[in-house]
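Just so it is clear, none of the values below were taken in a lab; they were calculated from the coordinates. What you see is a predicted model, and the numbers here were worked out from it, not measured in a lab. Backbone-built Cβ (ideal geometry, glycine too); neighbour counts: all protein chains shown.
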Amino acid sequence: MGTESPALMTLDLHSLRANAVQRLGNVSGVYFLFDGDELVYIGQGWNCLLRVAEHTRKDSDKTFTHWNFIEIQSDIERKGLERDLRRIYSPKHNRV
């Protein structure tokens, strides 16, 4: 007889599957990185999920606790919105 952790004994796979977040795929848009309540970075890309994953590498200087994005398909609109939002909010990791 093995000893099971309390978390394993209460794991409800049906509930996990029913409430799972759908995989979005290549979501083009502008993304926002937050550290607690502070907006620390604004970026854009043709695949926001991939871009945010790149910011979690060991050599990245960006520290963040959560993120979100606005889906925008147009390359021109995406770059323009990113530029305008960086100018307005001046996140600390966007400053050069």
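Data overview
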| item | result |
| --- | --- |
| Charge dipole magnitude, Cβ of K and R +1, D and E -1 - segment 25-89, Cα centre, debye nearest 20 | 160 debye |
| T10 versus T63: modelled label distance in nm, points set 7 Å from Cα along the beta carbon direction | 3.1 nm |
| Length gained when the stretch Q73-E54 is fully extended (0.36 nm per residue, less Cα-Cα span) | 4.8 nm |
| More than 19 angstrom apart: percent of Cα pairs within segment 25-89 | 28 percent |
